[in-house]
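To start, the structure itself, in C-alpha cells.
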C-alpha cells in the first residue's frame, strides 16, 4: 500500500464484503458516487471512453486522491480476476507526461482540464501502456470525518513532522513516537512531505505502515456497529464509474486478498528541472521493463506490441531521414569532461551533423535523455537509437535553434 486513497478504497470494498455484500448500503453508496460530469464527457468525447472490462482477465483501475483541482495521489490497481492477484503502481504527481491535447506537463494537471477524470484515465493509459477500465476518485475533505468515526489510528510516527503553509491554511505539527492520530492529524500525516529527502517517494514509503493499520482497523468486527456512518462518509467523498454489480463482485473477491501479498511498484526515474519547472522525470526503458515484469508477475495475457504491428511504417520513415539535416546539440550534465565531444564524434561517424557541444551548467542528470525540441518524430527515435539512449522526452519550442537536444547523464560515465 502506497497512499491513503488505496487504503480508503480497499477498505471500503472489503468493508462491504464484511457486511455480506451490503445491498442496502450499496444502493445508497452507488447513488452518491455517480459522476454526471464524467458521464457527459465520455458521451461528447468517444476517444476518452474507457475500454470494456467484462472480457478482460486483468482489470486496471485508476485511483485518484484529489486536493482541490489537482490529483494529489495517483495509483493504478491491477487485479487478476482469475488468480485474485493484485499489484499497485504509484505514480508521483509531478511526473512529466504528455496530456493528450495539452502537451507535456505534470500528470496531476490532467484532472483539472475540462475533460477531467476521463482525460486523466487516458493520460495514465498512454503513459503506462495499459488500458484503464475504471476510476475511483476520493476527495480528501472526508478523510478527517472517516478517521474520527473509526476512533483514530494508533501508530508510531517515524519522525517529527513540522510544516506550515499559510496560503493553504496548512499547519502540520506531529511529534515522533507512538500515538493515536485523530482525523486532522491523520490527514496531516498523509500530506506531509517536506521533511523527506526524496520528497514524494519518501512520503509513499512512510505511509505504508499507516495503510496497514488503517485497513486492519476498518475491516475489524468492531467497526460493524459504525457501518452506516462509515458508508455514508466514504460514499459522499467518492466518485467512480464502477457499477453496483461490479462493486459487489469485487467486494466479495478482494476480501480474500492478503494485503501483505500485494506487489507494489513505483515509477523509475528522478527529480529534475526543465525550463525552470521541477518535475519527476521517468526512465522510459526502466518503466517498460517494470511494466513487462508486472505483466508476468500478475499473470496478464501476452499482448502484441506496437513494434510488431507497425514496424513496416516505422522502417520507411527511418529510411527516408537525411541525417545531416537534423540539427543536434549535445549537453554534458556530468563532471566528466569530454563526454559530449566523444558522443559528437560517434554520431558524426554515423552520418549526423552535431551543431553544438556544451554543458547544462549546474543541473545534473542521473540518466541520459534525448529531447525533442521541434517535433522531430522519426528523427528523434533514430538519434536515440544511434546514441544508445533509452529515455526520450519532449520540450517543444518551434523557435528553438535545434531539432534535438541530447543530455548526457551520469549513466554514461
Handout entry: Residue list for the stretch 199-241, restricted to those being buried (at least 20 other Cβ atoms within 10 Å of the Cβ), modelled with pLDDT of 75 or more and in a loop (DSSP other than H, G, I, E, B)
Key = 237, 241
Practice task
Using the structure shown, decide if residue 379 is assigned to a helix (DSSP H, G or I) and either under 25 Å from the mean Cα position of the chain (by Cα) or crowded, with 18+ Cβ neighbours inside 10 Å (or both).
Solution key: yes
Exercise for the section: Restrict the check to the stretch 41-55 and report whether at least one residue is in contact with a strand residue (DSSP E or B) (Cβ under 7 Å, 6 or more places away or on another chain), modelled with pLDDT under 90, assigned by TED's automatic domain parsing to the domain that holds residue 115 and not in a helix (DSSP H, G or I). Expected result: yes
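Here is a yes/no grid of residues against (1) at pLDDT below 90; (2) touching a helix residue (DSSP H, G or I) at 6+ places or on another chain (Cβ under 8 Å); (3) in the same structural domain as residue 281 (by TED's automatic domain parsing); (4) closer than 23 Å to residue 273 by Cα:
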| site | (1), (2), (3), (4) |
| --- | --- |
| 351 | yes, yes, no, no |
| 357 | no, yes, no, yes |
| 362 | yes, no, no, yes |
| 367 | yes, yes, no, yes |
| 375 | yes, no, no, yes |
| 381 | yes, yes, no, yes |
| 385 | yes, no, no, no |
| 392 | yes, yes, no, yes |
| 396 | yes, no, no, yes |
Handout entry: Test: residue in the stretch 151-170 that is within 20 Å of residue 234 (Cβ to Cβ) and out of contact with any helix residue (DSSP H, G or I) (no Cβ under 6 Å at 6 or more places or on another chain)
Key = yes
Exercise for the section: Inspect the stretch 312-329 for any residue being in contact with a strand residue (DSSP E or B) (Cβ under 6 Å, 6 or more places away or on another chain), modelled with pLDDT of 65 or more and not in a strand (DSSP E or B) and give the result as yes or no. Expected result: yes
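The values are calculated or read from the model by the stated rules, or taken from the named source; none is laboratory data. Keep in mind the model is a prediction, meaning the values are calculated, not measured. Cβ atoms come from the backbone with ideal geometry, glycine included; neighbour counts cover every protein chain shown.
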